[in-house]
Amino acid sequence: MTTYAIIGSGAIGSALAERFHAAGVDAVIANTRGPGSLQPVTDKFGSTVKAVELDQALQSDVLILAVPYDAVPEVAGKKAVWDGRTIVDATNAIDFPAFKPRDLGGRLSSEIVSDLFPGAQLVKAFNTLPATVLAADPVKASGKRVLFLSGNFPEASKKVADLIARLGFAPTDLGSFKASGSLQHFGQALVALNLLRD
């Protein structure tokens, strides 16, 4: 049985916890401050989403990075190698307070994040919807809300697409990082715009 961990308990992490709970999919959630700081999340979703220490969460099969982009190296530094893990990059490289996509020297943020997790298979997902939209019921009268994903490892992408479907969304695989690069930049700009409007 595949195990899931949400790393981060901010707006996106909490939104994901709500979706996991609503779908009845078991997961753990962790942050750098410890399980005691996660009581608001576990009070609402504790029957399916358990708060654990970060080191324990990092043993899960699928890790969803729901932390700020600049906090990713700290998470990655917890282990030297990540063999066998699927890392889901839900971050956006956005400069605050300007709310503009960061200049990464022509590289995609997912490529940079992937380099930080040697041995892991990285998939970009859960990063194109604002937290309030991500937390809301994805099933509407007109159909299911779409969630995009991309990655260089088809098996990992299939695993994440299956998870997205279990959470009630309609997964749309954009292919490799290279193939989806312009859309990845567009998604980050869209999220930045939505944050600015909020």
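The values are calculated or read from the model by the stated rules, or taken from the named source; none is laboratory data. Everything numeric here is computed off the predicted structure, so don't read it as measured data. Methodologically, a virtual Cβ is constructed for each residue, glycine included, from the backbone with ideal geometry; neighbour enumeration extends over all protein chains shown. What goes into the accessible areas is simple: the full protein's heavy atoms, side chains included, and nothing from ligands, DNA or RNA. Shrake-Rupley method; radii C 1.70, N 1.55, O 1.52, S 1.80 Å.
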Could you tell me which residue out of 13, 149, 114 lies farthest along the dipole of the chain toward its positive end? Charges go on the beta carbon: Lys and Arg +1, Asp and Glu -1, centred on the Cα centre. 149
What is the magnitude of the charge dipole of the chain about its Cα centre, with +1 placed on the Cβ of each Lys and Arg, -1 on the Cβ of each Asp and Glu, and no other charges, expressed in debye to the nearest 20? 400
Descending accessible area (1.4 Å probe), largest on the left, turns 144, 124, 159 into 144, 159, 124
Given the whole protein assembly as supplied and a 1.4 Å probe, what does the accessible area of residue 166 come to in Å², nearest 10? 130
In nm, what is the difference between 0.36 nm times the number of residues separating residue 79 and residue 165 and their Cα-Cα distance? 28.0 nm
In what order, largest first, do 3, 48 sit by accessible area if the probe radius is 1.4 Å? 3, 48
How much accessible area does residue 12 have with a 1.4 Å probe, in Å² rounded to the nearest 10? 40
Near residue 124, within a Cβ-to-Cβ distance under 11 Å, what is the net charge of the other residues, with Lys and Arg +1 and Asp and Glu -1? -3
Contour minus end-to-end for residue 178 and residue 48, with contour as 0.36 nm per residue of separation and end-to-end as the Cα-Cα distance? 43.2 nm
Given a cut-off of 28 Å, name the pairs among 44/144; 79/158; 44/158; 140/178; 50/124; 50/78 whose C-alpha atoms lie farther apart than that in the structure shown. 44/158; 140/178
Find the all-direction average of the projected area of the Cα convex hull for region 1-124, expressing the result in square nanometres with one decimal place. 7.9
